[in-house]
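Student: This structure is in structure tokens; I'll ask about it shortly.
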Amino acid sequence: MSQNLSEQEQIRRESLLAIRNMGIDPYPAAAFPVTHTSKAILEGFPIHPDDYTEVSFAGRIMSRRIMGKAAFTVLQDAVGKIQIYVRGEDICPPGDLSLYDELFKKHLDIGDIIGVTGYVFTTKTGETSIHVKTLTLLSKSLRPLPIVKTDAEGNVHDAFTDPELRYRMRYVDLIVNPQVREVFIKRSRIVNTMRSFMNTFGFLEVETPILQPLYGGAAARPFKTHHNALEMTLYMRIANELYLKRLIVGGYDGVYEFSKDFRNEGMDRFHNPEFTQVELYVAYKDYQWMMDFVEEMIERVAVEVTGSTEVQVGEHIISFKRPWKRFTMFEAIEHFTGIDISAMDEQQLFKTARELRVHVDATMGKGKLIDEIFGEKCEPYLIQPTFITDYPVEMSPLAKKHRSKDGLVERFEAICNGKEIMNSFSELNDPIDQRHRFEAQLELGKRGDEEAMQLDEDFLRALEYGMPPTAGIGIGIDRLSMIMTNQHAIQDVLLFPHMRPEG
RNA sequence: GAUUCCGUAGCUCAGCCGGUAGAGCAUAACACUUUUAAUGUUGGGGUCCUGGGUUCGAGUCCCAGCGGGAUCACCA
């Protein structure tokens, strides 16, 4: 075992032993009473210095500058960092400097967690610091941390940047990269803002099955698993739509769920096998209402999370201020290509797609062709949040047919930064129509479409009892978080993104 | 899944035309009672991702594998 340890790890284990031999427990059980955070001290001390004559603080050692009989050390807690000043004569009993000379100087390391008590003061160079009176080891760290330093100009040196190491050891990433910690605080705030917004409308947060006997509610390949006692195949949900609609049938006016969904597909910077959506269904509303609702909700999220309706994302400034642009799909295509395809039949669409050099093949039907043209010619260029409405019926087996436009459904997606971030419809509540749509999906499945939906008899039974007209929406929390936190990859908004096993 | 780039000390990275492995930080020892990328002096630390091949000789060239990044395809 010790053969595999690096030199620094061996030295730390030797320190651990030496600490024990001094009669000091390197992992004490007792709670350590903390009176102040770093932030509270740094903000409060300059205003009310008299309130900081006795503080108790705990944190991780992030750097040490030892100068003989005194030392400066930077401790990091959950909200920031603060410098402490340690003098041997202050923390040791008279005549015995071993606590300072042996424990502090020799056997403590960057990464160790300590608790201190003392008083706050300002150093000669003007830095608010804690003058330590007592020092307690709270946890000995046995592995060396990456050392990230920031100079006086704010330049970061030797940043811990290797994505593989950062994702595999997120705990290390969080310790040494405060901006990473900030991303996940913001993600939490995004979810909380949405939750409280929906709650003010009286909508009910619910939990529905993750293990499902039939997977439905989206077009995707599922993960498959097996229930031993029932000897049956179960699927990890790809969406929770069909369960939430059952609850609308059951009489709730509005239900929502923040749900992990699972799709057995490729991984890249926009896709992780498990991802989070919030789905919301509201009775007696339609997709027009939902656009207004979600516009307000997301504008509020932007303000709560970034302090502004304008968010810097890569090289763009994205404004979530209401109202957002609204295009029908045909309008968007005409806007970006100059071609009105609204009256075209399948052959004309195919020809047009070819002329636009959109990647199409002969198996594609009308709806798919329109979707391909949109996906290649419009979506990537929609940077500001934009509602695209009125999709071809073939692509939307759970959406209600448009009230006035043949061949279309009442559906919208919001596109932002060139990517879909939400998908919504006036929900199909005609059980006969829904059965026909499922049957059309079954046909697609027989022809080899692995993403075709299954026919869910119980869901149809629920619809046959009667579902009120309902507006529904799914919002991709990961992608929304990427935008709100200006992150390039989904891995950067997932605490533990999926990785291949380590060699 | 395809293409392409990458994998060297705990971390961040050099390593030329193939010739006995380098830097900074970290670490160890000593010095230093207001430092802050602390400083000074002196040390230690390597399965060069793995396995083959070419060669007198491979971190370096070739092949395969593993892992990661980017782009593309599928998808949200």
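The values are calculated or read from the model by the stated rules, or taken from the named source; none is laboratory data. Quick caveat, the model's predicted, so the values are computed rather than measured. Here the Cβ positions follow ideal geometry from the backbone for every residue, glycine too, while neighbour counts run over all protein chains shown. Protein only, heavy atoms only, side chains kept; ligands, DNA and RNA dropped before computing areas. Shrake-Rupley method; radii C 1.70, N 1.55, O 1.52, S 1.80 Å.
Student: Restricting attention to the stretch A:93-127, which residues are part of a strand (DSSP E or B) and near RNA strand B (Cβ under 9 Å from one of its atoms)? Explain how you work it out, then say what you get.
Tutor: Start the filter on the stretch A:93-127 by keeping residues that are part of a strand (DSSP E or B), which leaves A:113-122.
Passing the criteria: A:F121, A:T122.
Student: Sticking with this structure for a sec: Which ones in the stretch A:134-172 are in a strand (DSSP E or B) and more than 20 Å from A:K81 (Cβ to Cβ)? Break it down into steps so the answer makes sense when it comes.
Tutor: Here is the first cut: in the stretch A:134-172, the residues in a strand (DSSP E or B) are A:134-139, A:149-150, A:156-157.
Once the filter is applied, which keeps residues that are in a strand (DSSP E or B) and more than 20 Å from A:K81 (Cβ to Cβ), the stretch A:134-172 yields only A:T134.
Student: Of all residues being open to solvent by 60 Å² or more (accessible area, probe 1.4 Å) and not in a strand (DSSP E or B) in the stretch A:53-76, which is farthest from RNA strand B (Cβ to nearest atom)? Just the residue, please.
Tutor: Out of the qualifying residues, it is A:E54.
Quick grid of which residues meet (1) within 11 Å of RNA strand B (Cβ to nearest atom); (2) in a strand (DSSP E or B); (3) closer than 29 Å to A:I333 by Cβ; (4) in contact (Cβ under 8 Å) with a residue 40 or more places away in the chain:
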{"residue": "A:V409", "(1), (2), (3), (4)": "no, yes, yes, no"}
{"residue": "A:A414", "(1), (2), (3), (4)": "yes, yes, yes, yes"}
{"residue": "A:F425", "(1), (2), (3), (4)": "no, yes, yes, yes"}
{"residue": "A:R435", "(1), (2), (3), (4)": "no, no, no, no"}
{"residue": "A:L442", "(1), (2), (3), (4)": "no, no, no, no"}
{"residue": "A:A462", "(1), (2), (3), (4)": "no, no, no, yes"}
{"residue": "A:G472", "(1), (2), (3), (4)": "no, yes, yes, yes"}
{"residue": "A:I475", "(1), (2), (3), (4)": "yes, yes, yes, yes"}
{"residue": "A:L494", "(1), (2), (3), (4)": "yes, no, no, yes"}
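Student: Of all the residues that make up the stretch A:246-268, how many are out of contact with any helix residue (DSSP H, G or I) (no Cβ under 7 Å at 6 or more places or on another chain) and closer than 20 Å to A:R461 by Cα?
Tutor: First, pick out the residues of the stretch A:246-268 that are out of contact with any helix residue (DSSP H, G or I) (no Cβ under 7 Å at 6 or more places or on another chain): A:247-248, A:250-254, A:259-268.
From the residues that got through so far, the ones that are closer than 20 Å to A:R461 by Cα too are A:247-248, A:250-253.
Residues meeting the conditions: 6.
Student: Can you tell me which of (1) closer than 24 Å to A:M169 by Cβ; (2) more than 11 Å from RNA strand B (Cβ to nearest atom); (3) in a loop (DSSP other than H, G, I, E, B) is the one A:L455 doesn't meet?
Tutor: Answer for A:L455: the failing condition is (1).
Student: To continue, here is another question. Can you name every one of the strands (runs of 3 or more DSSP E) wholly within the stretch A:191-279 that holds 1 or more residues which are among the basic types (K, R)? Full working, then the answer.
Tutor: Details: elements: A:224-227, A:232-236, A:254-262.
Qualifying strands (runs of 3 or more DSSP E): A:224-227, A:254-262.
Student: Do the conditions hold for A:T134, that is, is it within 26 Å of A:G23 (Cα to Cα), at pLDDT 95 or above and more than 34 Å from the chain's Cα centre (by Cα)? So that I can check it myself, show each step before the final result.
Tutor: On the way: within 26 Å of A:G23 (Cα to Cα): yes; at pLDDT 95 or above: yes; more than 34 Å from the chain's Cα centre (by Cα): yes.
Yes: the conditions hold for A:T134.
Student: Give me the pairs: first residue in the stretch A:284-306 and of a type in the set (V, I, T), second residue part of a helix (DSSP H, G or I), beta-carbon distance under 6 Å, and six or more apart or on different chains, which are they?
Tutor: Listed pairs, sorted by first residue: A:V301/A:I190; A:V301/A:T193; A:V305/A:K186; A:V305/A:R189; A:V305/A:I190; A:V305/A:M484.
Student: Could we say that A:L428 is of a type in the set (A, V, I, L, M, F, W, C), closer than 22 Å to A:K368 by Cα and at pLDDT 95 or above here?
Tutor: Numbers: of a type in the set (A, V, I, L, M, F, W, C): yes; closer than 22 Å to A:K368 by Cα: yes; at pLDDT 95 or above: yes.
Spelling it out, A:L428 is indeed of a type in the set (A, V, I, L, M, F, W, C), closer than 22 Å to A:K368 by Cα and at pLDDT 95 or above.
Student: From A:E394, A:E379, grab the single residue that is of a type in the set (D, E, K, R), over 16 Å from A:V294 (Cβ atoms) and in contact with a helix residue (DSSP H, G or I) (Cβ under 6 Å, 6 or more places away or on another chain). I'd like the intermediate steps shown before the answer.
Tutor: On the way: A:E379 fails: in contact with a helix residue (DSSP H, G or I) (Cβ under 6 Å, 6 or more places away or on another chain).
After applying the criteria, what remains is A:E394.
Student: Okay, moving on. Can A:F293 be described as in the same structural domain as A:K401 (by TED's automatic domain parsing), over 26 Å from A:G367 (Cα atoms) and open to solvent by 30 Å² or more (accessible area, probe 1.4 Å)? Break it down into steps so the answer makes sense when it comes.
Tutor: Numbers: in the same structural domain as A:K401 (by TED's automatic domain parsing): yes; over 26 Å from A:G367 (Cα atoms): yes; open to solvent by 30 Å² or more (accessible area, probe 1.4 Å): no.
So A:F293 fails the test.
Student: A further question on this structure: Quick check on the stretch A:400-418. Is at least one of its residues open to solvent by 40 Å² or more (accessible area, probe 1.4 Å) and aromatic (F, W, Y)? Even if it seems obvious, please write down each step before you answer.
Tutor: Taking the stretch A:400-418 and keeping what is open to solvent by 40 Å² or more (accessible area, probe 1.4 Å), we get A:400-401, A:403-407, A:417.
Cutting the leftovers down to aromatic (F, W, Y) gives us none.
Taking every residue of the stretch A:400-418 in turn, none turns out to be open to solvent by 40 Å² or more (accessible area, probe 1.4 Å) and aromatic (F, W, Y).
Student: Consider A:P144 against the criteria (1) within 6 Å of RNA strand B (Cβ to nearest atom); (2) open to solvent by 50 Å² or more (accessible area, probe 1.4 Å); (3) touching a strand residue (DSSP E or B) at 6+ places or on another chain (Cβ under 9 Å); (4) touching a residue at least 12 places away in the same chain (Cβ under 8 Å): it satisfies all of them except one. Which criterion is unmet?
Tutor: Looking at each condition in turn, A:P144 falls short on (3).
Student: Restricting attention to the stretch A:224-268, report how many residues are open to solvent by 50 Å² or more (accessible area, probe 1.4 Å) and within 11 Å of RNA strand B (Cβ to nearest atom).
Tutor: Final tally of qualifying residues: 7.
Student: Conditions first: (1) closer than 24 Å to A:Q312 by Cα; (2) in the same structural domain as A:E299 (by TED's automatic domain parsing). A:V156 passes all but one, so which condition is the exception?
Tutor: So the condition that A:V156 fails would be (2).
Student: I'd like the full set of residues that are within 16 Å of RNA strand B (Cβ to nearest atom), aromatic (F, W, Y) and part of a loop (DSSP other than H, G, I, E, B), limited to the stretch A:12-52. Write out each step before concluding.
Tutor: Of all residues in the stretch A:12-52, those within 16 Å of RNA strand B (Cβ to nearest atom) come to A:12-19, A:21-22, A:26, A:38, A:41-42, A:45-46, A:49, A:52.
Adding the requirement that they be aromatic (F, W, Y) leaves A:45, A:52.
A:F45, the sole residue that qualifies.
Student: Filter the stretch A:151-172 down to the residues that are open to solvent by less than 90 Å² (accessible area, probe 1.4 Å), more than 6 Å from RNA strand B (Cβ to nearest atom) and within 20 Å of A:L75 (Cβ to Cβ) and list them by number.
Tutor: A:V156, A:V172
Student: Residue check, A:K285 against (1) more than 21 Å from the chain's Cα centre (by Cα); (2) away from RNA strand B (no atom under 13 Å from the Cβ); (3) surrounded by 15 or more Cβ atoms within 10 Å (Cβ to Cβ); (4) within 30 Å of A:P497 (Cβ to Cβ), all met but one. Which one?
Tutor: Every listed condition holds for A:K285 apart from (4).
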